[in-house]
Amino acid sequence: MSEQANELQKLVAIASDLGLPAELRVKAIEQVGKIGTHEALRALLDLVANEKLIREERELALKQAGAIIKSGH
């Protein structure tokens, strides 16, 4: 597994861990968006679909996914 894929996996785990503070989950979502790959886009869309996350976190994941799409990935 590549280093970037491993980092992405860890960030997604943090972003979806409801036991962690919301601030930390938000930062993880933002970092996934900065990765900007097709895999990051898919991960963000999975977070959008996660009904356990609060609405603001899901909206942020959608916004980050939109930015990746606009950038051409």
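Among the residues of region 1-34, those that are within 13 Å of the chain's Cα centre (by Cα) and either buried (at least 19 other Cβ atoms within 10 Å of the Cβ) or outside any helix (DSSP H, G or I) (or both) comprise Leu8, Leu11, Val12, Ala15, Ser16, Asp17, Arg25, Ala28, Ile29, Val32, Gly33. Looking only at region 35-55, residues that are touching a residue at least 12 places away in the same chain (Cβ under 8 Å) and out of contact with any His (no Cβ under 9 Å at 6 or more places or on another chain) come to 12 in all. Evaluating Leu47 against the criteria (1) over 20 Å from Gly66 (Cβ atoms); (2) surrounded by 13 or more Cβ atoms within 10 Å (Cβ to Cβ) leaves one unmet condition, (1).
Just so you know, all these numbers are worked out from the coordinates, no wet-lab data involved. Computed from a predicted structure; not experimentally measured. As a convention, Cβ positions derive from the backbone with ideal geometry for all residues, glycine included, and neighbour counts pool all protein chains shown.
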